[in-house]
1. Which of the three applies to the stretch C:326-432, rounded, prolate or oblate, going by the alpha-carbon gyration tensor with a ≥ b ≥ c and a/c under 1.5 meaning rounded?
2. For the stretch C:10-22, what does the Karplus curve 6.51 cos²θ - 1.76 cosθ + 1.60, with θ = phi - 60°, yield as ³J(HN,Hα) per residue in whole Hz, taken in order and with x for Gly and Pro?
3. Pull up all non-local amide H partners of A:G63: gap of 5 or more, or a different chain, and H-to-H distance under 5 Å with H placed in the peptide plane.
4. Tell me, what HN-Hα J-couplings in whole Hz come from the Karplus equation 6.51 cos²θ - 1.76 cosθ + 1.60 at θ = phi - 60° for each residue of the stretch C:243-257, using x for Gly and Pro?
5. Please give the contour-minus-distance gain from C:Y286 to C:T20: 0.36 nm per residue of separation, less the Cα-Cα distance, rounded to one decimal in nm.
6. Expressed in nm to one decimal, what extension gain is obtained for the pair C:A146 and C:S418 from 0.36 nm per residue of sequence separation less their Cα-Cα distance?
7. Would you look at the GNM of chain B, springs on alpha carbons closer than 10 Å, and say which of B:L70, B:L252, B:L135 moves the most?
8. Helix A:243-270: angle to the longest alpha-carbon principal axis of chain A, degrees 0 to 90, nearest 10?
Amino acid sequence: MTDALHRLLRTPQGVLGLGLLAVLVLACLLGRSLAPYSPEAMDFAGRFAPPGARHWFGADQLGRDVLSRLLVGASSTIPLAVAATFSGALVGACVGTLSAYLGGRWDEAITRTIDAVMAIPHLLLALILVSTLGKGSTNAALAIAISVAPSMARVTRSVALSVRQQDYVKAAIARGEGAGWIVLREMLPNVAAPLIIEATIRVAFAVMLFATLSFLGLGAQPPASEWGLMISEARRFMHQAPWILVAPALAIATTAICFNLLGDGLRDALNPRDER
Amino acid sequence: MTLAWLLRRFFTVLYTLLVVSVLVFGLTQILPADAAVTLLGENATPAALAAVRERLGLGDPAWLQYWHWLSALLQGDFGTSMRTSQPVGPAMFTALGRSLLLGGASLVVMLVIAVPLGMWAALRRGKAADLMSSLVSYLGVSFPEFVTATLLLIVVADYFQLLPATGYVPPGEDLADSIRHLILPVVTVSLIMVAHVSRMVRSETIDVLNSDYIRAARLKGLPPRTVLLRHVLRNALLPTVTIVALDVGYLLGGIIVVEEIFAIPGIGRALIVAITSRDLPSIQAGAVIMAATYAVANTLADIAYVLIDRRIRYD
Amino acid sequence: MSPVLAVAGYSLDYVTREGTQRVLEDVTLAIAPGEVLGLVGESGSGKTSLAWAIMRHLPGNAREAAGGSLRLGDVDLRAASARALETIRGRRMSMVFQDPSTALNPTLSIGRQVSEVLVRHRGLSEKDAWQAATEALAHVDLRDPAGLMKRYPHEASGGEKQRVVIATAFACRPELIVFDEPTTALDVITGARILELFGRLRAETGVSALYISHDLALVARVADRVAILEKGRIVEEAPADRIFTAPAHPYTRRLVAAVPRPEQRLVTDQVRPRELLRGEGIAVRYRRKRLFRLAPPPATDHVTLDIRRGEILGIVGESGSGKSSIARALTGLADYEGDIALDGRRIGSVKDMDRTYRKAVQIVFQHPDSSLNPRQTVGDILARPLRLYGGDVATIPALLDEVRLPAAYARRYPHQLSGGEKQRVAIARAFAAKPDLVICDEITAPLDVSVQASVVELLLRLREANGTAYLFITHDLNLVRQVAHRIVVMRQGEIVDLLDMEMLRRGEIHSYTRELIAASPTPVG
């Protein structure tokens, strides 16, 4: 594990990604105490205050400090997206492994069904789910988890199938090992690495999808300072105060970049290749 | 390409649509909305509500409702919109036409930019150009469509007032104006795909450049241009066909958001309207049509792949 | 007469993350007109790097030391511009690659790939070039050259493809051709035919060649002179007929000693005809019939064979002969039809393979990289069969010692081991079960000759100590003739020959076996 961290720190993507991740984690954990103002504190005199010494990122239509709202909003965006991705990924991984393990007709049926489900665009699936389950952050996260699962199942299956072809798995079968040992001890550790990489990159998508749902009014609800929602609210004032909109936009992009970089860094770090 | 292979592809599309229809119908059935109330309004009398429920078959078991819906669907009847009381089918297909214009234009723009960008980055691997292109692709995949769209609106339409902000003009009406209205939506939709596809083209090209047959072509004394155009291009582009086909799913998702922001009356906007007004027949029809578009696009890509690549085996 | 190729004082480095690594050190060699120089070295010796250096196609991290020179006739290759090289490559020097299946562009027709070099260098029109290319294909003994021209690489066999590559290399009558292991990826008999073809073309055209290979016996047959490369240095250069009889350098002597000589038996004992395992009518099929698809022919077609206690039974055959499918059936990795009997106990299907059977029959795979789980330590890997079959985990150091590995290796991960070491761990894992039979599936194929020799020596010692029987599956007839008590020869899923050493000596063999023997180069002298 420390070995992988070392290798991660040797790639430029890894360093940059980990650095950004540290900032984001800090914002999620300590956002409320780091924020210079309360995110709900209104100040009518300071409405649409441009970025400056008083408000680093400016103030919004109600005079609320944008930086404070961003910092507090981090914890209502990122942890949910991460949790949604990883729980969806877990379900997908189980289905994918099962499919690869069963093989034959079952595998074919599962794979075809997954492919069919993926014919519905992620966003549309999430939209239908949220409109079914009702608006709100938790339901949006659930919808994201469900829409992540099929593609993760597909990735897992193909990785598991290639691992299954490896001679060490054949050796375990020839040795007369039980199915449990083969799946858990021989295959899983080798399937895990590519899945972690894939899931990390998908966190970026989840953050974006979550923000999109909030933007469309189906995710987080006002007065939350979720970033997508902030953009949605700021749209009406983009003529007077573009900073209210640009700041959360950059926050979303930075988060997505962070997880993309991290995923790419992990790809290099977890696959010890020939150094030549 | 054998007949058996085509048949299998055809059955795959059918199966996809079957699964999608079950899924969409199942999801929308558990929508916590009483269709009768939606149709008649909150103040309807219980008797009127009961009559409507009877007419719509809302008292039937779910599978029977599904069967009625599906058999109507197969006869081209998508039902009647609860919002407008108009048939859903014609409205959705008109909207689909506008979306296909936006999607098709985005796809073309994306390919024109992404393919040369990816190949250029691969050829200058590790140099400034490569770093530039990977920076572009990191930024590209990290901006959701609604952010890109809003930022473009602020800068291009609002600040510089170069292009109209929102709206849709049919190409038959005023071609120039139609194009002017399409530019920002197309840029928004294609940006993420440019980022994704150019990275794929880059890595495919690098693989091809490292292959024995490219070495062999160089060692035959062929000039670099010939090697690139005759030997590298086709092999690097083949896998891209599949990737682009899979990205069509992403494209359709992007279209939903972009149509909403730029007020384009396409199928994505129709879906959002349907979802917010809980118009079940429209949601069902829109989702099935979108999934069908995706399935057909993928099948066409598969057929194109087989036609270009002689190696493909039919299984 | 001035040499066609002259390499003088040439050194080459690769820049890696770990620093600069020298791959070629002060290499000097010359090839006279019409001469074939063989270049022999083990993996990592730098032989392919030298080929790239001559062809001026070095990877981006290569750094050439100042001072060395590479000359093709009157041309200083190192000073030649990129444009000048384009007119030299393909016309004055060309190259034949190891694997014909990757050396041809999969999306261009064969005709296009042969004719483009004629268009480029002989200035022919597309139509004339096509005609000339068809003739060139006919000249390398390809059947139906006009039809082949229109086909794509995947529609031709490996041997046909390599002939196409050779026809392309000879198309512009170059002065020098660099061959990089041109027969290694091919089956024995196909490879032998390719060498015959090369001999004929060489006599016709008087071309000079640098013939690179790991196979000393083969090079000694093909080349006029042989240069031995060890870690980037040429340690010896001698006429081909002297390299086996009078090797001068210690490294050459080690190499010569490691080359299998079929007449030198390594196993001298006799085994009594006590049957250990019997396979009766074994057939393995890999795909079933499906909708729209017919069932393919079986990989092995009702094969019957028996293995005696303590015996080494060799199975030889080319790729696709079904020899590995037998290993899969016997270890329960593939469903089979027919009967297996162990010590007279009937095993009718994979389900009947209980712990006793699994313990008795162990397998070692071909690729050591994939046969050890990369996320487990050597200790974990060896502990598993011990726990499973009632051994003692405390014997791991002894087990490692038996395969001549230090006890400290138990804590290492597979990627920290060399190929030969990994194969030793795989062998130790098989012997941890105290088996009666170990199936060795091409276990020496990916290893260098010297490593191969030590692995074989290890196997023989383990057999002496434990009385284990081996099913030794290989394509290397020379090696199997050194060690096996009996040899099974397979072709297209069927056994064509089953012989013991006495029958082999008397020449009572099938014509196919005779062909295989003729195609396997043995040390000269």
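Please treat every number below as a calculation from the coordinates, not as lab data. Owing to the predicted nature of the structure, the values given are computational and were not obtained by experimental measurement. Ideal geometry is used to build each Cβ from the backbone, glycine not excepted, and the neighbour counts take in all protein chains shown.
1. Note, shape of the stretch C:326-432 comes out prolate.
2. Per residue, the Karplus-derived 3J(HN,Hα) values read 8, 10, 9, 10, 10, 8, 10, 4, 7, x, 8, 10, 7 Hz.
3. Answer set, sorted by chain and number: A:D43, A:F48.
4. My calculation for the stretch C:243-257 gives 5, 8, 7, 9, x, 8, 7, x, 5, 4, 4, 4, 4, 4, 5 Hz in order.
5. That works out to 91.0 nm of additional length.
6. That works out to 93.1 nm of additional length.
7. For chain B, modelled as a Gaussian network with Cα springs under 10 Å, the answer is B:L135.
8. Taking Cα atoms only, the helix is inclined about 20 degrees.
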